[in-house]
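Below is one structure, written out as structure tokens; comments come after it.
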Amino acid sequence: ARVRNALGDYRRALEASGAERTLAVATSAVRDAENGEAFLGEVEWSYGFVSRLLSGEDEARLTFRGVSAGREVAEGTLVVDVGGGSTELVLGGPSGITWHESLDLGCVRLTERFLRSDPPAPDELEACRRHVRALLADRMPADVRPTRAVGVAGTVTTLAVLSLALDEEDPELVDGHRMSSTWIAGQVERLAALPVEEIRELRGMHPERAPVILAGAIVVAETLGHAGLDELETSEQDIMHGAALAAAELPERPEGDAPPGAYTCC
């Protein structure tokens, strides 16, 4: 129901802004869902959106495309994209992607699986950390040796907002901001000691991000530690920018008006 309401708002915004075409991309949560394909069919029928269910490889490619469209990406750059259901790791440079992996290490997934207390108990935190470390050790080969890291999506941009002490996210200030791995590790400890209601009150924290920011920060900290990197650069350009570039390449397709019922919810 929340998704339908959000899509109705998006459709209105698209029509008001004169968008020529749309592309709705679905990632980890819809890949996992038993009714994922039926759900996307409903999205297309109700809202007139072209939809695409992305594989982990698709996510990696579009994320890297979005990041590299906005900045020079040096050889050996590791792009870290922490989502709700999965984390995409993409290694590449000026010549393109050389390695990528999709890991089931999303901030929502980890919160629901491990961090059930508020604030989390020490054994819950340790179990979460061990799980992240084990998956990184298993899926990130020893010959993958990044020299720098760029982070994208809500977890990383929220950490940047906290680092900059902003009242709210300002993309011009957040984009390109660098955070040390030591500072990020310190934020994990700080957030782990706070109940969700106190996290919500932190300056610059989006209220809906508060319940899952700790798990996301753990993924970022452990990834940097595993890769031996001491700094993370923030990028405001991510998979959405890559998807927009892909949408611009779609063949023209008349979408027409949204069908009846598109602006109402169940």
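The values are calculated or read from the model by the stated rules, or taken from the named source; none is laboratory data. Just so it is clear, the structure is predicted and the values come from calculations on it, not from any experiment. No Cβ is skipped: glycine too gets one built from the backbone with ideal geometry, and neighbour counts run over all protein chains shown. With ligands, DNA and RNA removed, areas are computed over all heavy atoms of the protein, side chains included. Shrake-Rupley method; radii C 1.70, N 1.55, O 1.52, S 1.80 Å.
If we count every other residue with Cβ under 10 angstrom of Thr155's Cβ, Lys/Arg +1 and Asp/Glu -1, where does the sum land?
Details: positive: Arg209; negative: Asp81.
For residues surrounding Thr155, the net value is 0.
Normalised by the residues of the stretch 16-59, what does the relative contact order come to in percent, with Cα pairs under 8 Å and at least six apart? Mind showing how you got there, number by number?
On the way: 36 pairs, mean separation 22.6, N = 44.
After rounding, I find 51 percent.
Over the chain, with every protein chain in place, what whole percent of the accessible area is carbon and sulfur at 1.4 Å, could you tell me?
Values: 6620 of 13230 Å².
Its accessible area is 50 percent carbon and sulfur atoms.
Just from its helices, what would the mean residue ellipticity at 222 nm be for the chain, if runs of 4 or more DSSP H residues each count -39500 (n - 2.57) and the sum is divided by every residue, rounded to the nearest 500 deg cm²/dmol? Show your work: numbers first, answer last.
Working: 12 runs with 130 residues, N = 266.
It lands at -14500 deg cm²/dmol.
Could you rank Ile239, Ile97 by how accessible they are, 1.4 Å probe, largest area first?
On the way: Ile239 25, Ile97 70 Å².
Heavy-atom accessible area, descending, gives Ile97, Ile239.
Let me have the relative contact order for the stretch 87-128, percent, based on Cα pairs under 8 Å that are six or more residues apart. Intermediate results must be reported in sequence, preceding the final value.
Details: 34 pairs, mean separation 11.4, N = 42.
Relative contact order of the stretch 87-128: 27 percent.
HN-Hα J couplings of the stretch 177-191 from phi, Karplus 6.51/-1.76/1.60, θ = phi - 60°, integer Hz, Gly and Pro as x?
With coefficients 6.51, -1.76 and 1.60, one gets 5, 10, 10, 6, 5, 5, 5, 5, 4, x, 5, 4, 5, 5, 5 Hz.
Along the Cα-to-C-beta direction of Asp167, a point sits 7 Å from the Cα; which residues of the stretch 181-207 have their amide N less than 17 Å from that point?
201-207
Between rounded, prolate and oblate, where does the chain land on the alpha carbon gyration tensor, with a ≥ b ≥ c its root eigenvalues, rounded for a/c under 1.5, else prolate if a/b exceeds b/c?
Details: a/c = 1.69, a/b = 1.37, b/c = 1.24.
Judged from the Cα gyration tensor, the chain comes out prolate (a/c at least 1.5, a/b above b/c).
Whole number in Å², please: accessible area per residue of the chain, 1.4 Å probe, ligands, DNA and RNA not counted. Can you show the working numbers first?
On the way: 13230 Å² over 266 residues.
On a per-residue basis, 50 Å².
Kindly rank 229-235, 88-94, 118-124 from highest to lowest mean number of other beta carbons found within 10 Å of each residue.
On the way: 229-235: 19.9, 88-94: 22.4, 118-124: 14.4.
Most protected by this proxy first, the peptides run 88-94, 229-235, 118-124.
Between beta-carbons, use under 10 Å as the cut-off and find the net charge around Glu222, counting Lys and Arg +1, Asp and Glu -1.
Value of the local net charge: +3.
Once amide H atoms are built 1.01 Å from N in the peptide plane, which residues 5 or more positions from Glu231, or in another chain, come under 5 Å H to H?
Counting only residues 5 or more places away or on other chains, the set is Ser181.
Taking amide hydrogens as modeled 1.01 Å from N in the peptide plane, which residues meet the under 5 Å criterion relative to Arg148, leaving out close sequence neighbours?
Leu78
Decide, for the stretch 32-130, between rounded, prolate and oblate: order the square roots of the alpha carbon gyration tensor eigenvalues as a ≥ b ≥ c, take rounded if a/c falls under 1.5, and otherwise choose prolate if a/b is larger than b/c, else oblate. Don't skip to the answer; put the middle values down first.
Working: a/c = 2.69, a/b = 1.10, b/c = 2.45.
Oblate.
In whole percent, what relative contact order does the chain give with Cα contacts below 8 Å and a gap of six or more residues? List each step's numbers first, then the result.
Numbers: 441 pairs, mean separation 70.1, N = 266.
Over the chain, the number comes to 26 percent.
If Lys and Arg each add +1 and Asp and Glu each add -1, what is the summed charge of the other residues whose beta carbon sits under 14 Å from the beta carbon of Ser181? Don't skip to the end; give the middle numbers.
On the way: positive: Arg148, Arg178; negative: Glu189, Glu222, Asp230, Glu231, Glu233.
With Lys, Arg at +1 and Asp, Glu at -1, the net is -3.
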